[in-house]
Amino acid sequence: MMKQETTRQPEQAVLPDQPANFAPVAEARLLLRSVRAGGLATLDSETGEPFVSLVNVATDQDGTPLLLLSTLAAHTRNLAADPRVSLLLAQTGKGDPLAHARLTVTGTAKPCGEGEGRRRFLARHPKSALYADFPDFAFFRIEPRSGHLNGGFGKAARLSRSELLLDLEGADELVAAEAGAVEHMNQDHADAVRLYATKLLGRREAPWRVTGLDPEGCDLAYGDETARLLFPETVTDASRLRRVLKQLAETARAG
């Protein structure tokens with residue numbers, strides 16, 4: 001189950017007639033980063049009717065949704081005829097399901113390039129490594145056009161592509177360093193990762209691991225649980241990343 005994290009939030013979209021505490025850009029990006037599975041809507045290649053299936057979801061560093069699909073599945077055959085899709089990501093929890101936040105992303109699904117998306121997807125869904133290399137499976141990315149966020153009763157917003165995705169301009173060094181930094185944190189600083197989840201985010205004691213890093217924050221996972229730790233400042237290079245991660249660890253250890 002996804003939990004709202006509170007550290008630093010992206011700038012809120014200016015929208016009329018919304019509650020003062022509703023930050024649609026931050027909430028949409030949190031859903032993109034945190035929800036592990038969603039409803040993928042494609043158009044039936046024979047009838048043109050809407051066809052919805054359940055798929056596992058991860059994100060690229062900018063938040064672009066990543067999928068691992070069987071080429072034998074009906075939704076993949078549909079994409080070959082018409083790549084337009086809609087992806088529903090829903091928060092879960094107790095009580096009325098409609099009281100929880102959900103995000104619909106509309107766009108186009110495209111096959112990933114060689115090796116593209118693989119590392120981040122498998123970091124989020126490690127069991128998928130059992131079949132990711134089968135010849136009838138392929139990675140796809142959804143290039144968003146827009147999004148619609150329903151944050152619960154009385155809260156809704158339409159979001160542009162630029163509001164959904166993180167601008168990675170100037171962050172080339174961090175993008176290149178991410179894989180090594182994730183491995184380093186999980187192998188050499190597992191205790192700090194655990195403290196991020198338990199002390200800073202209030203999650204249960206468990207061997208949490210880092211699944212991804214980007215300029216805005218750090219994605220954590222333990223089994224089927226996910227967490228999103230937002231950085232106190234934008235991080236664009238390796239030295240700043242080390243400083244911020246160290247600062248967060250010191251804050252966590254201090255209680």
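Taken together, the values in this text are just the output of simple stated rules run on the coordinates, not laboratory data. Everything quoted here is computed from the prediction, not taken from an experiment. Glycine also receives a Cβ, built like all others from the backbone with ideal geometry; neighbour counts cover every protein chain displayed.
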Take R203, R120 and order them by how many other Cβ atoms sit within 10 Å, fewest up front. R203, R120
How many Lys pairs in the chain lie less than 21 angstrom apart by Cα atoms, where the lysines are 8 or more positions apart or on different chains? 5
Tell me, what ³J(HN,Hα) does each residue in region 47-64 have, in order and in whole Hz, if you take phi through Karplus 6.51 cos²θ - 1.76 cosθ + 1.60 with θ = phi - 60° and put x for Gly and Pro? 10, x, 6, x, 9, 10, 9, 8, 9, 6, 10, 10, 9, 6, 4, 8, x, 4
State the volume of the convex hull built on the alpha-carbon positions of region 153-217, expressed per residue in Å³ and rounded to an integer. 123 Å³
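If we count GluC sites (Glu not before Pro) as exposed when they sit in a DSSP loop and have at most 15 other beta carbons within 10 Å, what is the longest stretch of the chain that avoids them all? Please list the in-between numbers first.
Details: sites that count: E11, E46, E114, E116, E169, E205, E233.
Between exposed loop sites, the widest span is 47-113.
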In cubic angstrom per residue, the convex hull of region 174-255 built on its Cα atoms measures 80 Å³
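If you average over every viewing direction, what projected area does the convex hull of the Cα atoms of the chain give, in nm²?
14.4 nm²
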How would you rank F140, F134, going from fewest to most other Cβ atoms within 10 Å of each one's own Cβ? F134, F140
Just to check I understand the Karplus step: with θ = phi - 60° and J = 6.51 cos²θ - 1.76 cosθ + 1.60, what whole-Hz values come out for region 196-210, glycine and proline as x? 3, 6, 7, 8, 8, 10, x, 8, 6, 5, 5, x, 5, 9, 7
Output needed for region 63-133: three equivalent-ellipsoid semi-axes, defined as square roots of 5 times the C-alpha gyration tensor eigenvalues, in descending order, whole Å. 25, 18, 12
For region 147-156, Karplus-derived ³J(HN,Hα) couplings (6.51, -1.76, 1.60; θ = phi - 60°; whole Hz; x for glycine and proline) come out as x, 10, 9, 10, x, x, 4, x, 10, 8
Just the Cα atoms of region 56-199: what Rg and Dmax do they give in Å? 17.2, 48
